[in-house]
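To start, the structure itself, in structure tokens.
The values are calculated or read from the model by the stated rules, or taken from the named source; none is laboratory data. For clarity, every value in this text was computed on a predicted model and none was experimentally measured. Backbone-built Cβ (ideal geometry, glycine too); neighbour counts: all protein chains shown. For accessibility, only protein heavy atoms count, side chains too; no ligands or nucleic acids. Shrake-Rupley method; radii C 1.70, N 1.55, O 1.52, S 1.80 Å.
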Amino acid sequence: MTSPPTPHLFDPEIQQALDLAGIFVFAISGALLAVRKNLDVFGMVVLAEATGLGGGVIRDLIIGAVPPAAFTNLGYFLTPLLAAGLVFFLHPQVERITRAVMVVDAAGLGLFCVTGTTKAHAYHLDLTASATLGVVSAVGGGVIRDVLAQEVPSLLRWDRDLYAVPAMVGAAIVALLFHFHAFTGVGGGIAALVTFVMRLLAMRYGWHGPRAWRRRSARAEVAQEI
Amino acid sequence: MTSPPTPHLFDPEIQQALDLAGIFVFAISGALLAVRKNLDVFGMVVLAEATGLGGGVIRDLIIGAVPPAAFTNLGYFLTPLLAAGLVFFLHPQVERITRAVMVVDAAGLGLFCVTGTTKAHAYHLDLTASATLGVVSAVGGGVIRDVLAQEVPSLLRWDRDLYAVPAMVGAAIVALLFHFHAFTGVGGGIAALVTFVMRLLAMRYGWHGPRAWRRRSARAEVAQEI
Amino acid sequence: MTSPPTPHLFDPEIQQALDLAGIFVFAISGALLAVRKNLDVFGMVVLAEATGLGGGVIRDLIIGAVPPAAFTNLGYFLTPLLAAGLVFFLHPQVERITRAVMVVDAAGLGLFCVTGTTKAHAYHLDLTASATLGVVSAVGGGVIRDVLAQEVPSLLRWDRDLYAVPAMVGAAIVALLFHFHAFTGVGGGIAALVTFVMRLLAMRYGWHGPRAWRRRSARAEVAQEI
């Protein structure tokens, strides 16, 4: 069973550096949550690894790319360790630059939704499934982080700025480019950039998704039943 | 690596329609929980997709049917979107027919435990494992829904009517039929019907499972320790 | 696709007996938590199965050993049922010997981190990945148990005695032995013993992991922001 070659948006070395940067910032968010939840250093490592690598592992299991890249590339494993170590020793300083971390996280979101979609497509999944898996790659680690730490996934919360939607837009752009046989490294870069900018705008202007129509009356009815 | 053909209880087109109906009602339950938890429209979509497709994805990963059917059949992906859209626009009306939704959910439970067992058996798992995976197909989506929404899985709660047990019975009937080389579409249909009726009866008469013997004295001991 | 033979530390029959003993005590911990969370007998079965088998299933999905051993070996499936039945009928007595259960659990931890590392290595994963999967095999079931029961995984909690660390040490010893081509059944047994003793010492002396440096000042800052 020969695997398709892992697709590369850019020069492989640049791609690897970008991947590691994305894993690093995702892992930072995991380690920071571990500190807030009062976990010890090993809890920090577990949450950092799960957040940094979880989305890609789910994607790889679904497309049948086993063992997942996270288990075949030592750099992928060591990067979250580094992030956990940094937060362990320099927690106040890292908290102070949370805003900067969130900007790099937005870049990771853009990068991962594009590379995730591309990898799923290389494994011959159709375009809708590929785009879905691109989004899963980008947001899955954060969901695992929140489930492990017993928080409602911030991805799902109404009171958080849009997070999944920019990833959906980026993944959809990549899928459309594939559909028209027009995907190139430049196109992928633009899709990642759109996601990145859209996420930054959502943070800057506090964009939220709408909740169900006439929800209030519905809840009143539920209250009556109780 | 050629996969075994997906097994069909009925005519493939009827089976597909039934599958989609089951996914639809499971997804409705996910979207309704999203509204109750005050999530936005994207949270509704995520919970609808996870609830409708989650059980089947776990089954397919375990039997090695990758990519899972949910990622190779566009209809499977679109159906939860439709359910989320319906709940988004018509939430009060859908809440009002919750009882009807639960009846259709019971039908989905019956169908999925049978098709799940059948599919696992087609992938050469033994009968106990096949029946277990039939139950996982039927109840897995609901467990993922509750974990994501930070609720104790309703499947596990003592104060909820029996849910997993009817699925266990249906899956066990299918496994027994396979054991005696007597499995047919009619037999599968009967197993699904038994599950459906048993679940309806559990809802109607409030059937609960027993809790551990002498639990009360046990808890008193724990209280003393604290 | 021929799978590598499952590796054996010891004589296969002894290994099987040890595996089942480990699954049994892990399943006991799942069933006991189910009683504490007031779940019914079916919730007890689900938590017992998930706790006893969950870690190995995740490992097998990641290394591509599908269907996982838990679904091809009837004894693996029946053992958690037995554990759930025991706790159901004899809950007060089992609670009374919690300390003894924890000692056997420590033995299971030692055994599983060694067999998990060995199996991943047999599937040609590199040594870091193999050791990681050894730890996942040993602690994964407990994490699934706690997530299903809506508790912060005890593995992650600062106020619990070290649990993952002894498994990490045991898995690392096995990986080092493989690195120096010096792995034998005796070496594996020693690694399991080191894990077992280290876990017992952590329980006896209340060893905890450190939390992030200067966390207090950091939290004060967070409080100011709020």
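Couple of notes before you dig in:
- Computed over segment A:12-225: relative contact order in percent, which uses C-alpha pairs under 8 Å that are six or more apart: 22 percent
- Accessible area per residue, Å², segment C:12-225 with all protein chains present, probe 1.4 Å: 40 Å²
- Ranked by solvent-accessible area (1.4 Å probe, protein heavy atoms only, all chains present), the residues C:Val46, A:Val147 order from largest to smallest as C:Val46, A:Val147.
- For the set B:Asp146, A:Asp159, the ranking by accessible area, highest first and with no ligand, DNA or RNA atoms included, is A:Asp159, B:Asp146 under a 1.4 Å probe.
- Note on B:Leu201: accessible area approximately 70 square angstrom, rounded to 10, probe 1.4 Å, nucleic acids and ligands left out.
- Look at where the Cα atoms of segment B:60-110 and of segment B:151-186 average out, and the two centres are 19 Å apart.
- Chains B and A together bury roughly 2800 Å² of accessible area, counting both sides, with a 1.4 Å probe on protein heavy atoms only.
- In segment C:42-71, the residues whose accessible area drops by at least 50 square angstrom when the other protein chains are added to the isolated chain are C:Phe42, C:Leu61, C:Ile62, C:Phe71; the probe is 1.4 Å and only protein heavy atoms count.
- Accessible surface, 1.4 Å probe, highest first, among residues B:Trp207, C:Trp213: C:Trp213, B:Trp207
- Here each label is just a point 7 Å from Cα along the line to Cβ, and for C:Gln16 and C:Trp213 those points are 5.3 nm apart.
- Other-chain or far-sequence residues with amide H under 5 Å of C:Asp40's (modelled H): B:Trp158
- Descending Cα extents along the principal axes, segment A:72-179, whole Å: 47, 37, 25
- Using the Cα coordinates of segment B:1-120, the gyration tensor eigenvalues translate into equivalent-ellipsoid semi-axes of 26, 15, 11 Å, sorted from longest to shortest.
- Convex hull volume of the C-alpha atoms in segment C:12-225, normalised per residue: 150 Å³.
- Segment B:12-225, accessible surface, carbon-and-sulfur percent (1.4 angstrom probe): 68 percent
- Mean separation of Cα contacts under 8 Å, 6 or more apart, over the residue count of segment C:1-125: relative contact order %: 38 percent
- Taking only the C-alpha atoms of segment B:61-101, Rg followed by Dmax gives 14.7, 41 Å.
- Cα-based radius of gyration of the protein assembly as shown once divided by 2.2 N^0.38 Å, which approximates compact folds: 0.93
- Cα-centre dipole for segment A:12-225 with unit charges at Cβ (Lys and Arg positive, Asp and Glu negative), debye to 20: 660 debye
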